[in-house]
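A short worksheet on the structure shown next.
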Amino acid sequence: MRIRAKWLVAMFAASVAFGVLGCQPELPEAPKAVGQAAQTASGIEVSVVSFNIEEPDFIDNGTKEAMRPATATPVAVLRLKIRNTSDAPKTYKPLHNGADGGNRVLICTDPGIEHSEGDPDPRVFVNYIKFEKQVQTPSQVVHPVTLAPGEEIIDEYLFEKPVDGIGQLVMLIPTKVMFSEGVKDPKDAKNIKSLRILLPPVEEIKPVPPSGLNAPAVVDGIEMTVTRVVQEYAEIAPVMPPATKLKYPYGYTTTPVMSVYVTIKNTSDKATSYNPSHTMPVSGINMRMSGGLALKRVKLKSGELGKGQQPGAIEIKPGEQIEDVFFFETPSSESKLDFNVSGHILGVRGIYRFELNYAPSNPPLPDFEPYKKGEAAAEEGDAAPAENEDAPEQDE
């Protein structure tokens with residue numbers, strides 16, 4: 001899945017932050033040991049949860065769509081736990097898009113405490129990643145959060161992958177910025193003392209491979225499984241069932257479609273929403289052939305749905321399972337398929353990723369007019385259903 005062009009500029013517009021933070025005339029406090037929580041003067045405890053090389057998903061805060069970057073570029077993900085240890089509420093201000101200097105969480109090499117002002121700064125800084133405001137990872141905190149006494153949250157900061165052999169790394173946090181109004185003038189950043197915590201050796205985490213047929217993919221307790229991929233003339237049903245049940249099929253697509261059948265199960269303890277938007281364009285449901293060619297999603301005419309398709313937004317309660325089917329244009333040849341569904345369709349943050357096999361077939365023509373055959377035509381009350389004469393619409 002490809003990120004829009006505007007994301008490409010924003011995603012890795014990494015900047016070097018030079019040594020104004022944590023470089024005071026007096027010797028800085030020695031950094032906290034790896035894994036040790038650091039208590040700040042304001043009653044906030046900060047600790048390192050993990051420091052990994054990963055390939056995270058990203059979310060557009062405008063459309064809520066989750067997607068993968070255009071190329072798999074690993075980044076360093078620093079996860080922090082922020083806990084309010086005081087007896088009063090405290091506000092945490094995330095610093096993902098702060099200005100340079102003392103308004104950011106930084107990572108640099110540890111020169112030891114012998115370094116003093118006036119000497120050349122021996123530290124090497126790891127480039128941080130600064131996004132456009134509408135882009136974030138699924139787990140990033142993007143707005144100030146007020147923590148009640150004893151409450152804690154986890155946030156993550158992104159950096160470029162540190163070069164091999166760079167040495168011991170230290171995280172620098174401007175706590176007076178993170179838990180106050182911030183630095184108005186970047187020149188004043190040198191007066192902000194930083195919290196210094198040693199980082200563990202960076203660990204490389206391999207991305208979770210896509211799920212295959214009948215293998216569930218899970219995001220935040222909501223499970224999706226692709227159960228069947230078939231080329232067929234899809235049966236059509238009216239959105240509003242008629243007062244008298246039709247004895248014969250309502251209609252079929254006039255050309256074959258590729259039907260992707262799925263089951264969705266809520267294994268969490270909370271209800272979730274589901275809106276596949278079968279009758280209108282929607283971002284976040286994408287199918288690509290192995291060469292990268294996107295396959296258009298097939299939409300039926302207004303007032304029609306494919307048999308087995310969910311009619312609209314529904315609630316899935318804990319423990320409940322539903323079925324659905326997505327229609328796409330048929331690939332021209334045998335291919336592996338990348339089928340990706342953004343979690344916002346199911347009320348969660350992340351991507352359901354599947355790798356599927358497709359082989360073209362030659363499905364037989366359906367009986368478009370069963371009500372005209374044999375003795376059934378003379379049976380009283382067998383009204384002929386509306387004939388679907390138009391080819392189905394496709395997403396652009």
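Taken over the stretch 80-97, the criterion of being in a loop (DSSP other than H, G, I, E, B), more than 13 Å from Ile154 (Cα to Cα) and within 29 Å of the chain's Cα centre (by Cα) is satisfied by Leu95, His96, Asn97. Within the set Tyr248, Tyr252, Tyr274, the sole residue that is in contact with a strand residue (DSSP E or B) (Cβ under 8 Å, 6 or more places away or on another chain) and closer than 27 Å to Pro364 by Cβ turns out to be Tyr252. Of the residues making up the stretch 211-241, those that are at pLDDT 90 or above, open to solvent by 50 Å² or more (accessible area, probe 1.4 Å) and part of a loop (DSSP other than H, G, I, E, B) are Leu213, Asn214, Pro216, Asp220. Selection over the stretch 347-363 of residues that are among the hydroxyl-bearing types (Ser, Thr, Tyr) and buried (at least 19 other Cβ atoms within 10 Å of the Cβ) gives a count of 2. Scanning the stretch 144-162 for residues that are under 18 Å from Ser50 (Cβ atoms) and assigned to a loop (DSSP other than H, G, I, E, B), we see that the one that is most open to solvent (accessible area, probe 1.4 Å) is Lys161. Among the numbered criteria (1) free of Cβ contacts under 8 Å to residues at least 40 places away in the same chain; (2) touching a helix residue (DSSP H, G or I) at 6+ places or on another chain (Cβ under 7 Å), which one does Asn275 miss? Checking Asn275 against (1) free of Cβ contacts under 8 Å to residues at least 40 places away in the same chain; (2) touching a helix residue (DSSP H, G or I) at 6+ places or on another chain (Cβ under 7 Å), the one that fails is (1). Across the stretch 276-291, the qualifying residues are those that are of a type in the set (A, V, I, L, M) and outside any strand (DSSP E or B), and the one among them that is most open to solvent (accessible area, probe 1.4 Å) is Met280.
Return the residue satisfying two criteria in turn: it lies in the stretch 242-275 and is in a loop (DSSP other than H, G, I, E, B) and basic (Lys, Arg), and of such residues it is surrounded by the fewest Cβ atoms within 10 Å (Cβ to Cβ). Within the stretch 242-275, the match that is surrounded by the fewest Cβ atoms within 10 Å (Cβ to Cβ) is Lys245. Each residue in the stretch 46-74 was checked for being of a type outside the set (A, V, I, L, M, F, W, C), more than 24 Å from Leu106 (Cβ to Cβ) and crowded, with 20+ Cβ neighbours inside 10 Å, and 3 pass. Residues in the stretch 279-299 that are of a type in the set (A, V, I, L, M), at pLDDT 80 or above and under 21 Å from Met224 (Cα atoms): Ile285, Met287, Met289, Leu295, Val298. Residues that are surrounded by 13 or more Cβ atoms within 10 Å (Cβ to Cβ), at pLDDT 70 or above and not hydrophobic (A, V, I, L, M, F, W, C) within the stretch 112-130 comprise Asp121, Pro122, Arg123, Asn127, Tyr128, Lys130, listed in sequence order. Yes or no: Gly165 open to solvent by 70 Å² or more (accessible area, probe 1.4 Å) and either closer than 23 Å to Thr73 by Cα or at pLDDT below 85 (or both)? Considered against the rule, which asks whether it is open to solvent by 70 Å² or more (accessible area, probe 1.4 Å) and either closer than 23 Å to Thr73 by Cα or at pLDDT below 85 (or both), Gly165 comes out as yes. When Val77 is tested against the conditions (1) open to solvent by less than 20 Å² (accessible area, probe 1.4 Å); (2) at pLDDT 90 or above; (3) part of a loop (DSSP other than H, G, I, E, B), the lone failure is (3).
Selection of the stretch 12-65 for residues being among the polar types (S, T, N, Q) and either at pLDDT below 70 or assigned to a loop (DSSP other than H, G, I, E, B) (or both) yields Ser15, Gln24, Gln36, Thr40, Ser42, Asn61, Thr63. Residue-level check: of (1) closer than 25 Å to Ser273 by Cβ; (2) open to solvent by 40 Å² or more (accessible area, probe 1.4 Å); (3) in contact with a Lys or Arg (Cβ under 9 Å, 6 or more places away or on another chain); (4) not in a helix (DSSP H, G or I), His344 misses just (4).
Every listed requirement among (1) in a loop (DSSP other than H, G, I, E, B); (2) modelled with pLDDT of 90 or more; (3) over 14 Å from Asp324 (Cβ atoms) is met by Gln309 save one, (3).
The values are calculated or read from the model by the stated rules, or taken from the named source; none is laboratory data. Please read all numbers here as calculations on a predicted model, not as lab measurements. When we count neighbours, we look across all protein chains shown, and the Cβ atoms used for this are built from the backbone with ideal geometry, even at glycine. Just so you know, the surface numbers come from the protein's heavy atoms only, side chains and all, with ligands and any DNA or RNA stripped out. Shrake-Rupley method; radii C 1.70, N 1.55, O 1.52, S 1.80 Å.
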